[in-house]
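The values are calculated or read from the model by the stated rules, or taken from the named source; none is laboratory data. Given the structure is predicted, the values throughout are model-derived calculations rather than measurements. Virtual Cβ from ideal backbone geometry, glycine too; neighbours counted across all protein chains shown.
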Amino acid sequence: MRRKFFFFSLVAVAMLLLSHQAANAQVGQLFGEVVMQQSDGTTVPVAGAVVDVYRTDLPGHFPTKTDKRGKFMFAGLPYVGTYVIAASAPNARPDVVGGARAGREVTYKLTLSPGDGKRLTETEAKSLGSAGNTTTGGPPAESAEDRKKREELMAKNAEIEAGNKKIEESNATVSRTFKMGNEALNAKKYDEAITLYSEGIAADPTHPGAPSLLTNKSVALRARAVERYNAAITSKDEAAKTSGMEAAKKDFKDAADAATKAVEMIKAQAAPTDPAAQQNYNTNKYFALAARAEAMRLVATKVDQTQAETGLTAFQEYIAVETAPDKKAKAQIDLAQMLLDAGLSDKAFVEFQKLLADNPENIDAMLGAGLALFQSGDKSKFQEAANYLQRFVDKAPETHKLKASAKDALDYLKSAENVKPQKTTTTGGRRRG
């Protein structure tokens with residue numbers, strides 16, 4: 001804090017004629033000692049303790065330090081002023097005396113106790129000093145109750161300050177790791193990105209920015225999992241294939257866990273009313289739901305098919321907030337395909353039917369509906385399966401990666417089941433009873 005000096009000029013010539021003794025009567029000394037409370041109840045002088053004297057009736061700050069005997073003295077302080085004295089030292093809790101006056105020939109004693117070495121600000125010193133006795137001519141006669149209240153207030157202030165410091169540190173860490181993690185993610189340095197996001201989350205798991213870190217960590221884990229999975233299935237080394245596949249599966253599950261936690265944290269937050277904050281909230285929720293849906297799709301199809309129902313819920317929640325028609329349609333296809341890949345052919349067929357109801361010419365939905373009926377193993381559904389598959393083959397370009405598979409399924413139905421496709425004009429591919 002800046003030191004403030006006040007200068008007074010004598011405006012009346014007659015005042016210069018006052019005696020030296022009369023002039024000195026306007027100022028006086030303020031002195032005292034600083035001691036440290038010991039565990040056995042005794043006290044010892046504190047040398048080099050910082051003593052801050054603040055004037056409470058007017059602006060004024062007068063700092064000094066104690067000598068080797070723990071003594072301090074201020075000479076020439078205005079006699080009419082009222083002061084608060086604060087003492088601090090390394091590894092000590094500060095002490096405050098309020099209501100001090102200069103020129104009263106009173107020794108003000110400040111007793112420190114073991115603590116964190118905090119030096120009180122002017123505001124803190126004045127606030128704590130106001131609890132002391134302000135009677136002119138004597139040191140504050142602080143009662144045990146007042147001292148307890150003062151110490152509780154000091155402890156609370158210290159707690160608040162420590163909390164604020166922790167918040168500042170976590171804010172800095174979250175901001176840094178989010179920025180650097182995103183840079184690493186964009187550069188496809190997935191290990192580095194995951195480490196950075198994890199650092200930010202660990203700094204404060206309850207931080208408002210934690211859901212964003214979790215969402216991006218999920219994306220990084222998912223990307224690394226895909227790399228590991230692809231490397232494993234193409235490896236000719238069986239040991240490398242096995243270890244690589246296990247590592248990929250763990251990443252898929254961890255990606256789903258991270259995104260799920262992000263969604264839960266966002267849902268637990270109260271939706272803000274401020275338009276800007278609300279937009280930010282909705283954006284974070286959107287990306288978290290999208291990340292969870294995609295992670296659950298991979299878990300259900302690559303790791304654990306029993307998670308398909310959880311994946312269904314995840315996709316439904318994401319689709320509900322998706323406003324882009326192309327992304328919504330893709331998500332619906334991904335959802336239906338996930339159910340099909342997980343062996344839930346009946347549920348998959350329902351989802352493919354929804355797509356065909358919206359767009360009867362959706363060739364991927366035609367294929368999916370046909371495969372779902374074929375995969376069910378119910379021969380009563382094979383005719384309808386063949387109809388869907390034939391419509392797909394007729395409409396899909398030769399470059400479609402699954403056209404050959406659809407033809408193979410049709411050939412099987414024709415040769416093994418004696419089922420031949422029928423031309424149908426049913427709108428949206430709806431099943432006939």
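Can you say whether E159 is free of Cβ contacts under 8 Å to residues at least 24 places away in the same chain and closer than 30 Å to L112 by Cβ, as far as the supplied structure shows? For E159, the condition - free of Cβ contacts under 8 Å to residues at least 24 places away in the same chain and closer than 30 Å to L112 by Cβ - is met. Please specify each residue of segment 65-79 satisfying the condition of being at negative phi, free of Cβ contacts under 8 Å to residues at least 40 places away in the same chain and not in a strand (DSSP E or B). Scanning segment 65-79 gives T66, D67, K68, R69.
Results for (1) part of a loop (DSSP other than H, G, I, E, B); (2) closer than 30 Å to K165 by Cα; (3) at pLDDT below 95; (4) out of contact with any Phe, Trp or Tyr (no Cβ under 7 Å at 6 or more places or on another chain), shown as yes or no for each residue.
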site: M36; (1), (2), (3), (4): no, yes, yes, yes
site: G41; (1), (2), (3), (4): yes, no, yes, yes
site: P59; (1), (2), (3), (4): yes, yes, yes, yes
site: G81; (1), (2), (3), (4): yes, no, yes, yes
site: V96; (1), (2), (3), (4): no, yes, yes, yes
site: G103; (1), (2), (3), (4): yes, no, yes, no
site: T111; (1), (2), (3), (4): no, yes, yes, yes
site: R119; (1), (2), (3), (4): yes, yes, yes, yes
site: T123; (1), (2), (3), (4): no, yes, yes, yes
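Could you tell me whether any residue of segment 164-176 is exposed (fewer than 12 other Cβ atoms within 10 Å of the Cβ) and either over 27 Å from the mean Cα position of the chain (by Cα) or at positive phi (or both)? No, segment 164-176 contains no residue that is exposed (fewer than 12 other Cβ atoms within 10 Å of the Cβ) and either over 27 Å from the mean Cα position of the chain (by Cα) or at positive phi (or both). Name every residue in segment 125-171 that is more than 22 Å from G60 (Cβ to Cβ), at pLDDT 80 or above and of a type in the set (K, R), in order of residue number. Across segment 125-171, the qualifying residues are K165, K166.
No other residue among K250, K302, K285 is surrounded by fewer than 19 Cβ atoms within 10 Å (Cβ to Cβ), in a helix (DSSP H, G or I), basic (K, R) and out of contact with any Phe, Trp or Tyr (no Cβ under 8 Å at 6 or more places or on another chain) apart from K250. For segment 30-68, a tally of residues being among the basic types (K, R), surrounded by fewer than 20 Cβ atoms within 10 Å (Cβ to Cβ) and under 45 Å from the mean Cα position of the chain (by Cα) returns 1.
The number of residues in segment 83-93 that are part of a loop (DSSP other than H, G, I, E, B) and either of a type in the set (G, A, S) or surrounded by 23 or more Cβ atoms within 10 Å (Cβ to Cβ) (or both) comes to 1. Just to be sure, is A202 under 13 Å from the mean Cα position of the chain (by Cα), loosely packed, with under 14 Cβ neighbours inside 10 Å and more than 30 Å from L120 (Cα to Cα)? The answer is yes for A202. Checked against the criterion of being outside any loop (DSSP other than H, G, I, E, B), over 21 Å from V219 (Cβ atoms) and not hydrophobic (A, V, I, L, M, F, W, C), segment 260-275 has at least one qualifying residue.
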